[in-house]
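Trainee: The following block contains the structure, expressed as structure tokens.
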Amino acid sequence: MFWTAGTIIRRVRDFTKYINGSPQRLQNLRKVADVVAADVTAKKLVQDVSTRWNSTWAVLKRAFLLREVIGAYIYSGSELRKHALEEHEWALVHEVIKLLEPFEEATVLLTSAKHPSIMAAAPAYSMLLERIQATIRSCEGAVLESSIRAMMKKLQAYKEKADGQYVYKLATVLDPRIKLNFFEDSNEDI
């Protein structure tokens with residue numbers, strides 16, 4: 001079967017919704033977690049929030065952390081087997097988590113309530129594009145290559161839109177920590 005990041009994400013989301021949709025199933029998952037992974041403190045799956053993209057990262061990260069618990073839970077009931085992920089599918093989940101990690105970092109940086117963050121937008125776009133380009137170079141022919149290329153295309157469109165707004169560049173130049181350094185180091189135009 002041809003896997004994309006979307007396919008893997010959808011499968012994990014569906015299982016998470018299924019478990020979180022019933023207090024009994026949630027309680028049963030916790031019981032399995034107490035036996036299978038007593039050392040794991042987080043024993044609840046994270047629910048996806050459609051308005052926050054980084055909740056996808058959180059859903060996948062928690063599911064990956066609890067993959068042994070999920071496997072044991074799934075094999076405790078035959079109606080759950082359709083949700084089972086094979087070892088190579090969990091490896092893809094891990095790859096998607098690594099792929100989304102820089103986006104999580106950028107989101108945390110840009111949504112900090114302690115200080116203004118608009119000055120970090122241009123450097124964040126550049127950092128994300130560099131990380132995705134490096135990932136593309138390292139994964140030629142890989143299973144997730146088409147998903148990564150789609151991410152790149154979407155991010156480039158957002159960056160081009162932001163580049164047309166001078167407020168991002170002005171905020172970057174006016175920040176005493178960044179000033180012109182970002183534009184000189186990255187060959188970006190002001």
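The numbers here are math on the coordinates, done by the rules we state, and not lab data. Since the structure is predicted, the reported quantities are computational estimates derived from the model, not experimental observations. Note that we place each Cβ from the backbone using ideal geometry, even for glycine, and neighbour counts take in every protein chain shown.
Trainee: Could I have the simple spin-label model distance between CYS139 and LEU110, label points 7 Å from Cα toward Cβ, reported in nm to one decimal?
Mentor: Modelled inter-label distance: 2.0 nm.
Trainee: Which translational diffusion coefficient, to the nearest whole µm²/s, is obtained for the range 1-100 from the Stokes-Einstein equation, given a Kirkwood hydrodynamic radius over C-alpha pairs, 37 °C and 0.692 mPa s?
Mentor: 240 µm²/s
Trainee: If you average over every viewing direction, what projected area does the convex hull of the Cα atoms of the chain give, in nm²?
Mentor: 13.1 nm²
Trainee: Taking the Cα atoms only, what angle lies between the long axis of helix 5-20 and the longest principal axis of the chain, rounded to 10 degrees?
Mentor: In the chain, helix 5-20 runs at an angle near 50 degrees to the longest axis.
Trainee: For LYS159, list the lysines whose Cα falls under 22 Å from its own Cα; do not include residues on the same chain fewer than 8 positions away.
Mentor: LYS98, LYS169, LYS179
Trainee: Something else now. So what's the back-of-envelope 222 nm ellipticity for the chain, counting only DSSP H runs of four-plus at -39500 (n - 2.57) apiece and dividing by all residues, rounded to 500? If you can, show how the numbers build up before the last one.
Mentor: Details: 9 runs with 126 residues, N = 190.
Result for the chain, helices only: -21500 deg cm²/dmol.
Trainee: Also, quick follow-up: To test your reading of the geometry: what angle, between 0 and 90 degrees and rounded to tens, separates the Cα axis of helix 145-163 from the longest principal axis of the chain?
Mentor: 40 degrees
Trainee: Can you tell me how much longer the chain between TYR158 and SER76 gets when fully stretched, taken as 0.36 nm per residue apart minus their C-alpha distance, in nm with one decimal?
Mentor: Between TYR158 and SER76, full extension yields an extra 25.0 nm.
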